[in-house]
Amino acid sequence: MTALEQIYEALIAEGMSHTGALAMIGNMDGESCLYSNNLQDSYNRTFGLTDAEYTERVNAGRATTQTGKHFEDDGAGYGLCQWTYAPRKQGLYKVAREQWGVSIDDVTMQCWYACYELRTDYGGLWEYLRTDKIDLYNAVSRVCKEFERPAVNNIDHRYKCAQRRAAELTELENARPTPNALATVDNLTAVHDLITHAAALLSDAAKLCK
């Protein structure tokens, strides 16, 4: 299963509609390219750490900066949604390490946490994302402006990300084998051959008994 499929299924499992999940995915793509261990690029240089090294330090409870700051207060965006502010990162860390007992970059956990934040602090947006037949562009825009709140509201880019990921999901779905239609024909042919062979053996045995 790809990261895209995992994220989509996790959001749907939490109660989002198809379009709501795509709107979240478009924003996540715009934030992190759907890499759950993504450290904000400028902080890779500032901290002198790769995404994997930063994630390892967070999981070990070690300082992430040379001045001794930790994940919760180092000011760096992280994860699918690029969580940045201390209270939100504190919540993410608590859920991952204390409640779930998983790595801070766990995809399903991050999706659950994003939905938890929506349910808790953005109730109106959460109910909207659970609604069928909503407009994708408007949904992307609302997630960007209300939930992500980036320095630049690059909504058009996030909308294109959502469209591209929607097409990718469709391609992945279409690439899956159909439910054994051909296999069923093959199986019936094999059974027929076995029956024919068995009948021939019985016929030969009957001739020998005469």
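The values are calculated or read from the model by the stated rules, or taken from the named source; none is laboratory data. If you're wondering where the values come from, they're calculated on a predicted model, not measured in any experiment. Ideal geometry is used to build each Cβ from the backbone, glycine not excepted, and the neighbour counts take in all protein chains shown.
Key figures
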{"item": "Exclusive hit being touching a helix residue (DSSP H, G or I) at 6+ places or on another chain (Cβ under 6 Å), at pLDDT 95 or above and loosely packed, with under 14 Cβ neighbours inside 10 Å, set 86, 139, 96, 166", "result": "86"}
{"item": "Qualifying position, being surrounded by 19 or more Cβ atoms within 10 Å (Cβ to Cβ) and either touching a residue at least 24 places away in the same chain (Cβ under 8 Å) or over 23 Å from the mean Cα position of the chain (by Cα) (or both), among 2, 64", "result": "64"}
{"item": "From the options 116, 159, residue that is assigned by TED's automatic domain parsing to the domain that holds residue 29, among the hydroxyl-bearing types (Ser, Thr, Tyr), surrounded by 21 or more Cβ atoms within 10 Å (Cβ to Cβ) and within 22 Å of residue 18 (Cα to Cα)", "result": "159"}
{"item": "Enumeration of residues in the stretch 13-39 that are aliphatic (A, V, I, L, M), over 17 Å from residue 2 (Cβ atoms) and out of contact with any Cys (no Cβ under 8 Å at 6 or more places or on another chain)", "result": "23, 39"}
{"item": "Any chance residue 102 is without any contact (Cβ under 8 Å) to a residue 12 or more places away in the chain, of a type in the set (A, V, I, L, M) and either out of contact with any Gly (no Cβ under 7 Å at 6 or more places or on another chain) or farther than 19 Å from residue 51 by Cα (or both)", "result": "yes"}
{"item": "Verdict on residue 131 being loosely packed, with under 15 Cβ neighbours inside 10 Å, polar (S, T, N, Q) and assigned to a loop (DSSP other than H, G, I, E, B)", "result": "yes"}
